[in-house]
Amino acid sequence: MTRAARLLAAMTLEEKLGQLTMAAGTQALTGPVAGGAVEAEIAAGRVGSLLNLWGADDVAAAQKAARGARLGIPLFFGFDVLHGHRTVFPIPLAEACAFDPELWRRTAAAAAHEARADGLTMVFAPMVDVARDPRWGRITEGPGEDPYVASLFSVAKVTGFQGPDLARGGAAACVKHFCAYGAAEGGRDYASVDVSERAVAEVYAPPFAAALAAGCAALMPAFMDLAGVPMTAHRPLLEGWLRRKLGFEGVIVSDYNAVAELIVHGVAGGRAEAAAMALQAGVDVDMMSFCYRDSLPEALDRGLASMDRIDAAVSRVLALKEKLGLFEAEPSVHPVAAPVEDAGALALEAARRSIVLLTNRGALPLAGDARVIALIGPLADAAEEMDGPWAAAGRRADAVSIRRGLEAALPQAEIVYAQGVAIDGADFSGASRALDACRTADVVILCLGESAPMSGEAASRTSLGLPGRQGELARAAIDVARERGVPAVVLLSSGRPIVAPALFEAADAVLATWFLGEAAGCAIADVLTGRADAVGRLPVSWPRAEGQIPVYFAQRPTGRPFRAEDSYTSRYLDCANEPQFAFGHGLSYASLALVSFEIDRRAFRFGDELRFFVGLRNAGARDGEATVFLFSRDLAASVARPLLELRRFGRIALRAGEAGTLEFVLPARELAFPGADLEPAFEPGAFEFSVGFSADRAGLVTLAAQALA
Ligand code: BGC
């Protein structure tokens, strides 16, 4: 008999339900129901895991209480380690811009190392909700709009967090939020989602399947309802798809208070019903609603829930604790006083690679002889914003502000700082000082954007322009710069794309600097000065107007595609169809060009492997790198396929004057798509394959090939 089986046999119902109960500590507040003193509950075997509690002393005290309970079962400790624990890396949406799965893995591994050293054994990450609506603040937590990118991100993060062995330093990954949460109606957090089963199969579910295939230990269902069925009680998807079809045996952890919210959703009559619905759907652990602990006994009595289900859930929790090595010697818990040295260097590397140069009319890199720099705007000296909305145990005030980074990078320059206006609010009284600074400067740098809490959970917005009076400040400062013939550069710090078409027109250069984490200022200075090239590329289409949303490159063809000369075609009367910047967009200081595109065969069958060769040349004077995307289009299928589907991406570094080839290998079976019955269908017919530096179709090089039966 295994230890888990022995324990299960020895448990009372109360102890079993304790294992299924996750309570909160008080070091962070991430939901509407606050945590409190839990030691007595733990000692009574009524709590099996904790969230929002970390650090040597606190974890050891809680673990001691657990070991003192009748059966002495250790706790596991979970926390939202989305992009770093003590060392804060760029927000996931920013890190996705690097298009570098190895970087994604390394930052996850560093985060897990620090989390584990702080006693944490589960990270509520990665967040892999495909998001095509930047009104939704949680777009910041994930890798953007594309399911293929999200799947690679998912695998890289799970592999990084969990490491080769959960018992030796890995943290259990809890992939979230299953499923289609990114499609919340109107972009309003927690709102209903009503997307087709096809959209779930093609777009929203694949990153979760990828995580599970990579061995992800746990999964969190999303808060929202999918066509009327809250995900916390979604039997077809949890029990049917995850458990039965994919064979997932890991732990399903509810979101915060989500079991009790089944009542508010309007599907459960009371707490016993809510608990039974979640349990019977496959949710093992009840985070912070206590419905399992308090009301499953009643649900059992009333025949709403079964003991088999409870036993299965407890077994999964115990199996995870075994895998984490928690039953063995006291887990080594020691505080990480300062960030591990290499984590700091990694934070800088990741931050540099996350920056996207959106426009550049010759203003960047900064001229070496710029002596006086006007550094203007509410994000210029805002260290506390740089870590973004999910900064885990990072010390926000320690992040390097843009001002500090620039001062360190350019000691010979005079940097005249003036905030001008606040991030939000109506006060414009500080603007004149800021404009005065612009009147004597050789270059104007405007640091604009959102505050950290303007994105993330419960942070939806309908207007995605610059908040408050920043737009006015920017216009005035750019006017001054223009009159004086000096460049005006804009840095956008934000958790989502900012809609600002006039700013993109007026400024001499604009960079998306997102929330880059603790090394933000240093990384930004490196890119502004040209010490590092701008290599980030957009993992989302950047809208030019909120009314375009959802805007994404994988749209399906319409029967009336836009033609300027025909008004009965798909268009807006007041806005272009194309986004401001396409998925994949990003400029560099180096100039690499595509020179050739070849495929090893023009006809292929299901079992074949296609090889693509992309020739590139660096014709400029600066060494550099390019990110190349490979798309396909299935021209005639039983179900219309998107205009572009991303199949591969890759990066190549070339010295000045050098030429090179990037090779992509694509098994033809990956061109199958969910057919009428949602099972994979590989259909003969014409395909197009395209490569380019972004999803802007005008810039793609395309060739044709034929799928054979
Ligand atoms: C969020 C989750 C998070 C959980 C625990 C919830 O409010 O939706 O993403 O993991 O809180 O902090």
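The values are calculated or read from the model by the stated rules, or taken from the named source; none is laboratory data. Only a predicted model underlies this, so the values are computations on that prediction, with no experimental measurement involved. Every residue, glycine among them, receives a Cβ derived from its backbone with ideal geometry; neighbour counts consider all protein chains shown. Surface areas here come from the heavy atoms of the whole protein model, side chains and all, with no ligands, DNA or RNA. Shrake-Rupley method; radii C 1.70, N 1.55, O 1.52, S 1.80 Å.
Let's see how each residue does on (1) more than 30 Å from residue 7 (Cβ to Cβ); (2) within 16 Å of the ligand (Cβ to nearest atom):
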| site | (1), (2) |
| --- | --- |
| 59 | no, no |
| 67 | no, no |
| 70 | no, no |
| 79 | no, yes |
| 140 | yes, yes |
| 145 | yes, no |
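Screening residue 258 with (1) within 16 Å of the ligand (Cβ to nearest atom); (2) among the small types (Gly, Ala, Ser); (3) open to solvent by 10 Å² or more (accessible area, probe 1.4 Å) gives one miss only, at (3). The residues of segment 687-707 that are surrounded by 13 or more Cβ atoms within 10 Å (Cβ to Cβ) and of a type in the set (A, V, I, L, M), listed by number, are 691, 695, 700, 701, 703, 705, 707. Counting only residues that are over 22 Å from residue 112 (Cβ atoms) and in contact with a Ser or Thr (Cβ under 8 Å, 6 or more places away or on another chain), segment 144-185 holds 3 of them. Cβ-Cβ contacts under 6 Å between residues 6 or more apart (or on different chains), taken from a first residue in segment 244-270 that is under 20 Å from residue 162 (Cα atoms) to a second residue that is small (Gly, Ala, Ser) and within 13 Å of the ligand (Cβ to nearest atom), are listed as 250/218; 251/218; 253/218. Of 381, 387, all but one fail to be closer than 18 Å to residue 520 by Cβ, open to solvent by 50 Å² or more (accessible area, probe 1.4 Å) and part of a loop (DSSP other than H, G, I, E, B); the exception is 381. Looking at segment 166-202, which of its residues are in a helix (DSSP H, G or I), more than 15 Å from the chain's Cα centre (by Cα) and surrounded by 24 or more Cβ atoms within 10 Å (Cβ to Cβ)? Of everything in segment 166-202, just one residue is in a helix (DSSP H, G or I), more than 15 Å from the chain's Cα centre (by Cα) and surrounded by 24 or more Cβ atoms within 10 Å (Cβ to Cβ), namely 187. Would a scan of segment 418-432 turn up a residue that is open to solvent by 80 Å² or more (accessible area, probe 1.4 Å) and free of Cβ contacts under 8 Å to residues at least 24 places away in the same chain? Looking through segment 418-432, at least one residue is open to solvent by 80 Å² or more (accessible area, probe 1.4 Å) and free of Cβ contacts under 8 Å to residues at least 24 places away in the same chain. Under the condition of being open to solvent by less than 40 Å² (accessible area, probe 1.4 Å) and in a loop (DSSP other than H, G, I, E, B), which residue from segment 336-359 is modelled with the highest pLDDT? Here the residue is 355.
Is there a residue in segment 17-40 that is assigned to a helix (DSSP H, G or I), at pLDDT below 95, open to solvent by 40 Å² or more (accessible area, probe 1.4 Å) and not hydroxyl-bearing (Ser, Thr, Tyr)? For segment 17-40, residues assigned to a helix (DSSP H, G or I), at pLDDT below 95, open to solvent by 40 Å² or more (accessible area, probe 1.4 Å) and not hydroxyl-bearing (Ser, Thr, Tyr): present. Within segment 636-669, the set of residues being part of a loop (DSSP other than H, G, I, E, B), surrounded by 15 or more Cβ atoms within 10 Å (Cβ to Cβ) and among the basic types (Lys, Arg) comprises just one member, 641.
Residues that are under 17 Å from residue 254 (Cβ atoms) and either within 14 Å of the ligand (Cβ to nearest atom) or at pLDDT below 95 (or both) do occur in segment 159-172.
Any chance segment 44-54 includes a residue that's modelled with pLDDT under 95, assigned to a loop (DSSP other than H, G, I, E, B) and more than 29 Å from residue 158 (Cα to Cα)? No, segment 44-54 contains no residue that is modelled with pLDDT under 95, assigned to a loop (DSSP other than H, G, I, E, B) and more than 29 Å from residue 158 (Cα to Cα). Taking every residue in segment 117-133 that is at positive phi and away from the ligand (no atom under 16 Å from the Cβ) and pairing it with any residue that is of a type in the set (A, V, I, L, M, F, W, C) and assigned to a strand (DSSP E or B), at least 6 positions away or on another chain, the pairs with Cβ-Cβ distances below 9 Å are 119/77. Per the listing 455, 463, the residue uniquely surrounded by 21 or more Cβ atoms within 10 Å (Cβ to Cβ), within 25 Å of residue 384 (Cα to Cα), modelled with pLDDT of 95 or more and polar (S, T, N, Q) is 455. Note on segment 213-240: residues that are more than 16 Å from the ligand (Cβ to nearest atom) and either of a type in the set (Val, Ile, Thr) or surrounded by fewer than 21 Cβ atoms within 10 Å (Cβ to Cβ) (or both) total 10. Only a single criterion out of (1) away from the ligand (no atom under 16 Å from the Cβ); (2) under 23 Å from residue 190 (Cα atoms) is not satisfied by residue 95, namely (2).
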